[in-house]
1. Which trypsin sites (Lys or Arg not before Pro) does the stretch 129-204 hold that lie in a coil by DSSP with at most 14 other beta carbons within 10 Å?
2. Which is the longest stretch in the chain that no exposed loop site breaks, taking sites as GluC sites (Glu not before Pro) with a DSSP loop state and at most 14 other Cβ atoms within 10 Å?
3. Collect residues whose amide H, placed 1.01 Å from N in the peptide plane, falls under 5 Å from the amide H of THR141; neighbours closer than 5 in sequence don't count.
4. I'm a student and want to see the number: the projected area of the Cα convex hull of the chain, averaged over all directions, in nm².
5. Measure up LYS124/LYS238; LYS150/LYS217; LYS177/LYS217 against 19 Å on the Cα-Cα distance and list the ones that go over.
6. For the pair SER178/PHE138, report the inter-label distance in nm, with labels modelled 7 Å from Cα in the Cβ direction.
7. Which FRET efficiency value, to the nearest 0.05, do you get for GLN56 and GLN196 by plugging their Cβ-Cβ distance into 1/(1 + (r/R0)^6) with R0 = 51 Å?
8. Using 0.36 nm per residue, how much length does the chain from LYS48 to SER188 gain when fully extended, once their Cα-Cα distance is taken away?
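Throughout, read-outs are computed from the coordinates displayed, never taken from laboratory work. Source: prediction; values computed, not measured. A quick note on method: Cβ atoms are made from the backbone with ideal geometry, for glycine too, and the neighbour counts reach across all protein chains shown.
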Amino acid sequence: MNLKIQHFVIFITFLGLLSCKEETARLVRMSAEQMVIDSTAGEVDSVKKLLIPYTQRINIVLDSTLAYAPKTFDKANGRYNTDIGNLMADLIVLQAGPIFKSRTGKDLDFALLNYGGIRSQISKGKVSARTAYEVMPFENTIIVVELNGKSVMKMVDYLLEAEQPHPISKEVQIVLKSDGSLHEIRLSGKPLVMDQRYYVATSDYLVNGGDSMLFFKEALGTTNTDYLIRNAMIDYFKKADTLWAVIDNRVYSL
């Protein structure tokens, strides 16, 4: 039976082999042709027509209104924090918190994202799923990282040295002296405790060292929520009705 199968496979693979006896197959000739596919290549009408109903359906889903933005949210409008950054970080806590709680029985302490991860503003007017794709086009998932207070302190040092308003949720308050040095850190109104464990929601990109956030490498544990940041945005938009976020005192100078 094995011999028959072997002969059959050889016959199918090499059409020139007509005999049922074992023979050594060899490559006779190989050729290649380079085809340039660019803007000069014409559309194939039959394929285009086939895709039309799918394209129309996708556009309907992406462009359906989920919420309303009473103003434009932009990451360039704040020194220490921005309205869109605050919105993003806060919705991560709201959306990922229940998932983390159901899996571990523990509460999220705060969320941290990266400034560069926000790729677009949210314009005033209707907010749709397409908005979420524009702001967060990457397939990044929400990871919860367990850090001790010392690692959180390194995180704060990183934020101060970066001089960029990386999105951080409202549970965190970083107070600076007039010279820009650190005065105080409070988490949910309480001082940072060095030997306490904190649960931080962030992206898989940052957990893996993205944007040189190496303090995440000191994680005492991680929990993958299997929840895309973009999907968290869409789910939040659906229930928010009207988006609202402002530049506040989560990071400020005396």
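1. Counting only loop positions with at most 14 other Cβ atoms within 10 Å, the trypsin sites (Lys or Arg not before Pro) in the stretch 129-204 are LYS177.
2. Longest site-free region, per DSSP loop and neighbour criteria: 44-138.
3. Under 5 Å from the amide H of THR141 lie the amide H atoms of ASP204, TYR205, ILE229, each far enough along the sequence or on another chain.
4. The number I arrive at for the chain is 23.9 nm².
5. Result: LYS177/LYS217 exceed 19 Å.
6. Result for the modelled spin labels: 3.9 nm.
7. Calculated value: 0.45.
8. Stretched fully, the LYS48-SER188 segment lengthens by 45.0 nm.
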